[in-house]
Every structure is written in C-alpha cells, then in structure tokens.
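Colleague: I'd like to ask some things about the structure below.
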Number of protein chains: 2
Amino acid sequence: MSPTIEIIGAVAAVLTTASFLPQVYQTWKTKSTESLSLPMLVMFFIGVCLWLIYGFALKSMPIIISNIITIISAGLLVYFKLAYTKK
Amino acid sequence: MSPTIEIIGAVAAVLTTASFLPQVYQTWKTKSTESLSLPMLVMFFIGVCLWLIYGFALKSMPIIISNIITIISAGLLVYFKLAYTKK
C-alpha cells in the first residue's frame, strides 16, 4: 500500500478514535449513563471486536490500532453503564 | 480476500454503523444538542471522510459502505448542532 494511503488511514484512525474519548471522560466524570443504551453499547463493542479481526486479516495498522483503543473505550462505557446504573 | 473475512467485515460494519443511528434519532427527536461538542463532531466527520478514502484505496466494501452511512449520520449531527444550538 502507498505511504500516502497509510497516512490517510492513520489520520482517520486518530480523528475517529479521539472523538470517542470525551464521551468516555464525560461518563466517568458525571457518572451519568441515562442516555447510554446498554444493547447499543454491547452491539458497538462486538462490532469493534469484529473490525479488529478484519484489520488483522487486512494487515492494516490503522484499523488494528484504532480498534484496540476503541475496544478499551467501549469496554469502559459498558462497565460504567453496568456499574453506575441505579438498580 | 476470503469470504469469511468479508462477512466478518460486513457484520462489523452493520453493528458499528447501526449503533450510531439511535444518537442521530434521539438528537433529531429531542433537539437536545448540549452534550454534543461541535469540534468533536467536526473531527469525527473529517475522520470518517478519510476512512472512506482509505476504504476505496483498500477496495474494502465494508469500510466504504459503513463510512458512507456514517458520513450521513455525522453530517446530520453537525447540522443539528448548528441548527438547534440556541444563539
């Protein structure tokens, strides 16, 4: 693959991954999870795991790295949702 | 690429793209955009555009299709943010 394309992929990975982090920070800080849907979070988490497998199959570093970080972010949101939701 | 990997990519695309739609629907329905950050939305939007270019370079249908849908979703959120934010 051309270096230009790898750079485009890397910038894409940084932008979409970074734009997800404020949500994680805000949820951790405010412990407010009312507007987060557990089925949606779980769906997203499984989706990101599959993207990671796909990234390995394509040997695409941008896909692999961004999805590892997003798995951690999404995993934290699932945890917050379960931990902070009032019974 | 093996059909199995293409299927994994397709399922990944459906899950992560679909998990984004409730946010769009909720924002449209409630017109509540306080918790959405415009710089973050713009960052995400640019990131998704770059992923689309990357997907074309890789000739990956899951990446291309999911990012076209996500560009529409993210574009709508940017529009809602601009349209609904009280001056």
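We did not get these values from a lab; they are worked out from the coordinates using the rules stated. If you're wondering where the values come from, they're calculated on a predicted model, not measured in any experiment. Neighbour counts are summed over all protein chains in view; Cβ atoms, including those assigned to glycine, are modelled from backbone coordinates with ideal geometry.
Colleague: Restricting to the stretch A:18-48, name every residue that is within 8 Å of chain B (Cβ to nearest Cβ) and not aromatic (Phe, Trp, Tyr).
Modeller: A:Ala18, A:Ser19, A:Pro22, A:Gln26, A:Ser35, A:Ser37, A:Met40, A:Leu41, A:Met43, A:Ile46, A:Gly47, A:Val48
Colleague: Next up: Taking the conditions exactly as written (touching a residue at least 40 places away in the same chain (Cβ under 8 Å), among the hydrophobic types (A, V, I, L, M, F, W, C) and either within 28 Å of B:Gly55 (Cα to Cα) or more than 12 Å from chain B (Cβ to nearest Cβ) (or both)), does A:Leu76 satisfy them or not?
Modeller: Details: touching a residue at least 40 places away in the same chain (Cβ under 8 Å): yes; among the hydrophobic types (A, V, I, L, M, F, W, C): yes; either within 28 Å of B:Gly55 (Cα to Cα) or more than 12 Å from chain B (Cβ to nearest Cβ) (or both): yes.
Judged against the criteria, A:Leu76 is a match.
Colleague: Return the residues of the stretch A:66-87 that are loosely packed, with under 15 Cβ neighbours inside 10 Å and among the charged types (D, E, K, R); say none if nothing qualifies.
Modeller: A:Lys86, A:Lys87, listed by residue number.
Colleague: Here's something else I'd like to know. Given the condition closer than 26 Å to B:Glu6 by Cβ and in contact (Cβ under 8 Å) with a residue 40 or more places away in the chain, answer yes or no: does some residue in the stretch A:22-39 qualify?
Modeller: Checked the stretch A:22-39: no residue is closer than 26 Å to B:Glu6 by Cβ and in contact (Cβ under 8 Å) with a residue 40 or more places away in the chain.
Colleague: A:Ile63: touching a Phe, Trp or Tyr at 6+ places or on another chain (Cβ under 6 Å), part of a helix (DSSP H, G or I), crowded, with 18+ Cβ neighbours inside 10 Å and facing chain B (nearest Cβ under 9 Å), yes or no?
Modeller: On the way: touching a Phe, Trp or Tyr at 6+ places or on another chain (Cβ under 6 Å): no; part of a helix (DSSP H, G or I): yes; crowded, with 18+ Cβ neighbours inside 10 Å: yes; facing chain B (nearest Cβ under 9 Å): yes.
It is false that A:Ile63 is touching a Phe, Trp or Tyr at 6+ places or on another chain (Cβ under 6 Å), part of a helix (DSSP H, G or I), crowded, with 18+ Cβ neighbours inside 10 Å and facing chain B (nearest Cβ under 9 Å).
Colleague: Right, next: Every residue in the stretch A:1-59 that is assigned to a loop (DSSP other than H, G, I, E, B) and surrounded by fewer than 16 Cβ atoms within 10 Å (Cβ to Cβ), please. Spell out the reasoning first.
Modeller: Start the filter on the stretch A:1-59 by keeping residues that are assigned to a loop (DSSP other than H, G, I, E, B), which leaves A:1-2, A:19-20, A:31-37, A:59.
Within the stretch A:1-59, A:Met1, A:Ser2, A:Lys31, A:Ser32, A:Glu34, A:Ser35, A:Lys59 meet the criteria.
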